[in-house]
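Have a look at the structure below before the remarks.
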Amino acid sequence: MLNDYKDFLLNMFFVASPLVFYPYILKTKNKPLLYGLFLYLVLAVSLICTMSFSVQIEGLSYDFRSVLLTVSFIYAGPFVSLLLYFTLIVCRFALGNPNNLLYAVSLLPSVILFLLLRKHYASVSAKRKTFSAALICTFIKFLTIFAYLGFLGDLVLWFKSPLDTLGTYLVQALTAAAFVCLMELANKYFVMQEEIVASEKMKIVSDIAASVAHEIRNPLTSVRGFIQLLGNGDLPLQRREYYRNICLDELDRAQNIISDYLTLAKPDPEVVERIDLKEEVEYVSQILLAYANYNNVVIQTQLCDEAYAEGDRHKLRQALINIGKNVIEAMPGGGQLLFALKKTNGGVVLTVSDTGVGMTPEQISRLGTPYYSTKEKGTGLGTMVSFGIIKKMHGKIEIKSELGVGTEYHIIFAA
Ligand code: ADP
Ligand code: MG
């Protein structure tokens, strides 16, 4: 009996192993092919392990295959589920089990049934999904074993020790429920992280809006003045032409400010590409210009050509704007913001520096941790989001700061 428990624990360990990898697999969720492949791999390895170390009770062998099948029905889609079904049959054959065709036919109705019902339970709440997992797992066990033993005319085998057998079914149903519950937690955490990034972006968009409105007022005021001047009938044609050109230039400027702002506010398509860092830093400094002017900060740039990094350009913009915004906010009395892009032997370094209030070593160590903010209306999420984005691009951030002197962010991308 003790040996049975040991074997069951070993099986539970095999079944739980995909959960360790699931948070990483979730990161590929918007690449369905890769997501399906990874999910299949971890489920298949776990399946082969649990089938190879099955528990024997009264001539029947028990393992956790139905838990893994259940998980694939709920999360992995029809293609991966069918592939897992074939893997199961092949593995059963390879392990030397008899009647493989018969077994494949016995299991098939459950596979078809739950794949047909897939859409139904995919949209239900986490609680109901957990409950459904326990039901599906139990149902697969009953349907398959009765069909299989029925075909063989050996149904009595099941009734030899029904209590033990039901006990194993219960353990498996609970394992399936626990598995799905943990998958749901991982999913929720993943969605929450995405939401934080999106809500921080909206915060930037709304923070910058006031300064954009302010920035547009200047060209509008000058256009108004020149139109008034144009109303003067005695104006020589040359002057008239000159005023008209100024009006057009100013309107173009206002239009550019608005279209830059609108690109920032647009939802991101998320694509990984080769990013020209000079181009992006120029765009970001353009976006920050209104906010900087509003806060008496001068933006300077020293950018080298042909510096590249791999990643999502919109996300990088968001990271740099977050950092740039912090830098501007660190100079309440005005100052200088410098973006310097340099190529080094090992790659590219983008330095964002300010002449602001600076930070103590303790403050620097808290930077990037959630909800750390010294501002009245701060969210304390900006640097966390930025650091996350840069890390995802395989970049590194080093911070140097001195109280009352200023701060330097060094963002390093390896070549
Ligand atoms: P928030 O800007 O909403 O406060 P962040 O995560 O963007 O949140 O920044 C966290 C904190 O880090 C800020 O409140 C500020 O105290 C500090 N900080 C960030 N960048 C600088 C900087 N360049 N100079 C001084 N302090 C900074
Ligand atoms: Mg911030």
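The values are calculated or read from the model by the stated rules, or taken from the named source; none is laboratory data. Note that the structure is predicted; figures quoted are calculated from it, not measured. Glycine also receives a Cβ, built like all others from the backbone with ideal geometry; neighbour counts cover every protein chain displayed. All accessible areas refer to the heavy atoms of the entire protein, side chains included, with ligands and DNA or RNA removed. Shrake-Rupley method; radii C 1.70, N 1.55, O 1.52, S 1.80 Å.
Please give the number of the condition Arg366 fails out of (1) touching a residue at least 12 places away in the same chain (Cβ under 8 Å); (2) within 16 Å of ligand 2 (Cβ to nearest atom); (3) open to solvent by 10 Å² or more (accessible area, probe 1.4 Å); (4) not hydroxyl-bearing (Ser, Thr, Tyr).
(1)
Can you find even one residue in the range 169-187 that is out of contact with any helix residue (DSSP H, G or I) (no Cβ under 9 Å at 6 or more places or on another chain) and assigned to a helix (DSSP H, G or I)?
There is no residue in the range 169-187 that is out of contact with any helix residue (DSSP H, G or I) (no Cβ under 9 Å at 6 or more places or on another chain) and assigned to a helix (DSSP H, G or I).
Looking at Ala307, is it closer than 18 Å to Ile412 by Cα and either in the same structural domain as Met393 (by TED's automatic domain parsing) or at pLDDT below 90 (or both)?
Here the answer is yes, as Ala307 does meet what is asked.
Go through the range 278-333 and give me each residue that's away from ligand 2 (no atom under 16 Å from the Cβ), in a loop (DSSP other than H, G, I, E, B) and touching a helix residue (DSSP H, G or I) at 6+ places or on another chain (Cβ under 9 Å).
The answer is Cys304, Asp305, Glu306, Ala307, Asp312.
Identify the residue in the range 350-398 that is outside any helix (DSSP H, G or I), among the hydrophobic types (A, V, I, L, M, F, W, C) and under 25 Å from the mean Cα position of the chain (by Cα) and, among all such residues, is farthest from ligand 1 (Cβ to nearest atom).
Among residues in the range 350-398 that are outside any helix (DSSP H, G or I), among the hydrophobic types (A, V, I, L, M, F, W, C) and under 25 Å from the mean Cα position of the chain (by Cα), the one farthest from ligand 1 (Cβ to nearest atom) is Met393.
Taking the range 169-208 only, how many residues are within 16 Å of ligand 1 (Cβ to nearest atom) and open to solvent by 30 Å² or more (accessible area, probe 1.4 Å)?
Count: 9.
Restricting to the range 21-47, name every residue that is more than 18 Å from Arg65 (Cα to Cα) and surrounded by fewer than 17 Cβ atoms within 10 Å (Cβ to Cβ).
Within the range 21-47, Phe21, Pro23, Tyr24, Lys27, Thr28, Lys29, Asn30, Lys31, Pro32, Leu33, Leu34, Leu37 meet the criteria.
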